[in-house]
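Read through the structure below, which is laid out as structure tokens, and then see the notes.
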Amino acid sequence: MYSNFALAVCLAFASVSPNADAFVPSSVGYLQQHGTVVQAPRAFAARRYDASSSSSVVVRMGDGAAVEGASSTLVRKPDSAVELTITAPASATKAAFDKAIAEVSKQISVPGFRKGAKIPPQVIENTMASRGGSKYALREQAIGTLINELIEPCLKDEHNLEPIGQPELVVGAEELAKQFEPGKPIDMAIKCDVFPDVKWEEVEGQEKPYFGLTGKYKRKPFNEARFNKALGDLKDKYATLSDMEEGKSLEMGDACVVNMVGYMAQDDGKTKGEPLPNAASGDNVEIILGDGRYMEGLVEGLIGAQVGDTREIYVSFPEKLRDKTLAGKKAVFDVEVLSASIRTVPEVTDEFAAQVRDGLTAESLTSELRKAIDEEDLKE
């Protein structure tokens, strides 16, 4: 069973991941793979911990596969901080990598493979890299799964610690992914704060010296905008596609598959110059018509298009694009619409919540998400 702390780990993991690419939509799924909340510790709970300790745990991955031999080492740091190093065994790294392949295969379109087919990992990685993404994306996703599955039993059950605040990866996600090899153990180090070991002065005639203490604090208003964004991202992940009627035009929220041929734009931003490298063009590219998903101008240029149309679309590449030769540049694309679909985003119902995780209801899903957002705001 996972906690909001595991959720915070995933948010921390996402925050150090490389920038989103120009073609593949990305978002942080706040509740994906996360579970029930951690109970708040009792007031002034005091515990004693060794400066360092190690343990071995047996947990089960989200698909039910047992992870035996996972071990962890905990080192106390100044100011009530700890560093937890989790060693994921070979069986766990392989299971997490296989899970990442299966999930990405359902979402990515690769020429020569039908959607949902089993695609070799190297093909997936090369495809994502050719579209401006990270060549280590599968490994980063596998590492995120491992951390999410292992941190709860390692930190709470084995070391008897209550975490507070947001954890931080000692080694960045991209760098850690370079060390990751499916079927081989890997060490993952995480820093976080924990409740301090409180020592009370003895007061003669008073059994509990902390009785009578008072305090006050002021909380800022709940971040409703962040909550709505997180819930929207989660619903968006479970959207379904249906065929669009012949002759209907694309609207915001729809999806399409296109062929794209790109050219650098000349000074006027509209005249075609040199062809773009192959990595910036592509066939059978899946596009979701939504704000902030791709390079500026691409979605806007597809609004109103129909299957069979070819449009000349003027775009601007993001300033933070991985390919620095394209970052911030203007380009012109010839875009041919091959197919179009109506994209339906689900409402938050009990059925939808059960899709996110077995046992969730609409009420518990929104409650957990609100608590997670609230805890995120506490650190700011």
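The values are calculated or read from the model by the stated rules, or taken from the named source; none is laboratory data. Computed from a prediction, not measured in an experiment: that's the story for all the values here. In this analysis, Cβ positions are derived from the backbone assuming ideal geometry, glycine residues included, and neighbour counts consider all displayed protein chains. Please note that ligands, DNA and RNA were not included when accessible areas were found on the heavy atoms of the full protein model with its side chains. Shrake-Rupley method; radii C 1.70, N 1.55, O 1.52, S 1.80 Å.
Of the residues 184, 237, 248, only one is in contact (Cβ under 8 Å) with a residue 60 or more places away in the chain, in contact with a Gly (Cβ under 6 Å, 6 or more places away or on another chain) and of a type in the set (D, E, K, R); which?
Values: 184 fails: in contact with a Gly (Cβ under 6 Å, 6 or more places away or on another chain); 248 fails: in contact with a Gly (Cβ under 6 Å, 6 or more places away or on another chain).
Of the residues listed, the single one that is in contact (Cβ under 8 Å) with a residue 60 or more places away in the chain, in contact with a Gly (Cβ under 6 Å, 6 or more places away or on another chain) and of a type in the set (D, E, K, R) is 237.
With the requirement that a residue be open to solvent by 20 Å² or more (accessible area, probe 1.4 Å), at pLDDT 75 or above, closer than 20 Å to residue 294 by Cβ and not in a helix (DSSP H, G or I), what does segment 109-134 give you?
109, 111, listed by residue number.
State all residues of segment 89-108 that are in contact with a Gly (Cβ under 9 Å, 6 or more places away or on another chain) and open to solvent by less than 60 Å² (accessible area, probe 1.4 Å); if no residue qualifies, say none.
Those that are in contact with a Gly (Cβ under 9 Å, 6 or more places away or on another chain) and open to solvent by less than 60 Å² (accessible area, probe 1.4 Å): 89, 90, 92, 93, 96, 97, 99, 100, 105.
Kindly indicate whether any position in segment 170-189 is at pLDDT below 90, more than 20 Å from the chain's Cα centre (by Cα) and open to solvent by 40 Å² or more (accessible area, probe 1.4 Å).
no
Would you check if residue 147 is within 25 Å of residue 121 (Cα to Cα), in contact with a helix residue (DSSP H, G or I) (Cβ under 6 Å, 6 or more places away or on another chain), in contact (Cβ under 8 Å) with a residue 24 or more places away in the chain and among the β-branched types (Val, Ile, Thr)?
Working: within 25 Å of residue 121 (Cα to Cα): yes; in contact with a helix residue (DSSP H, G or I) (Cβ under 6 Å, 6 or more places away or on another chain): yes; in contact (Cβ under 8 Å) with a residue 24 or more places away in the chain: yes; among the β-branched types (Val, Ile, Thr): yes.
Yes: the conditions hold for residue 147.
Looking at segment 236-263, which of its residues are of a type in the set (S, T, N, Q) and over 16 Å from residue 312 (Cα atoms)?
The first filter runs over segment 236-263 and keeps only residues of a type in the set (S, T, N, Q), leaving 240, 242, 249, 259.
240, 242, 249, listed by residue number.
Report the residue count in segment 207-230 for those that are under 13 Å from residue 373 (Cα atoms), without any contact (Cβ under 8 Å) to a residue 40 or more places away in the chain and open to solvent by less than 100 Å² (accessible area, probe 1.4 Å).
The first filter runs over segment 207-230 and keeps only residues under 13 Å from residue 373 (Cα atoms), leaving 220-230.
This time we only want the ones that are without any contact (Cβ under 8 Å) to a residue 40 or more places away in the chain, so: 221, 224-225, 228-229.
Those left that are additionally open to solvent by less than 100 Å² (accessible area, probe 1.4 Å): 224-225, 228.
Residues in segment 207-230 being under 13 Å from residue 373 (Cα atoms), without any contact (Cβ under 8 Å) to a residue 40 or more places away in the chain and open to solvent by less than 100 Å² (accessible area, probe 1.4 Å): 3 in total.
Can you list the helices (runs of 4 or more DSSP H) found entirely within segment 136-241 that contain at least 1 residues being among the hydroxyl-bearing types (Ser, Thr, Tyr)?
Numbers: elements: 137-152, 173-179, 224-237.
Helices (runs of 4 or more DSSP H) meeting the threshold: 137-152.
Can you tell me which residues in segment 283-314 are within 12 Å of residue 334 (Cβ to Cβ) and surrounded by 14 or more Cβ atoms within 10 Å (Cβ to Cβ)?
301, 309, 311, 313, 314
Any residue at all in segment 364-373 that is at pLDDT below 95, more than 18 Å from residue 259 (Cα to Cα) and part of a loop (DSSP other than H, G, I, E, B)?
no
If the requirement is being at pLDDT below 80, open to solvent by less than 80 Å² (accessible area, probe 1.4 Å), out of contact with any Leu (no Cβ under 6 Å at 6 or more places or on another chain) and of a type in the set (Asp, Glu), which of these qualifies: 193, 197? Show your work before the answer.
Working: 193 fails: at pLDDT below 80.
Going through 193, 197 in turn, just one is at pLDDT below 80, open to solvent by less than 80 Å² (accessible area, probe 1.4 Å), out of contact with any Leu (no Cβ under 6 Å at 6 or more places or on another chain) and of a type in the set (Asp, Glu): 197.
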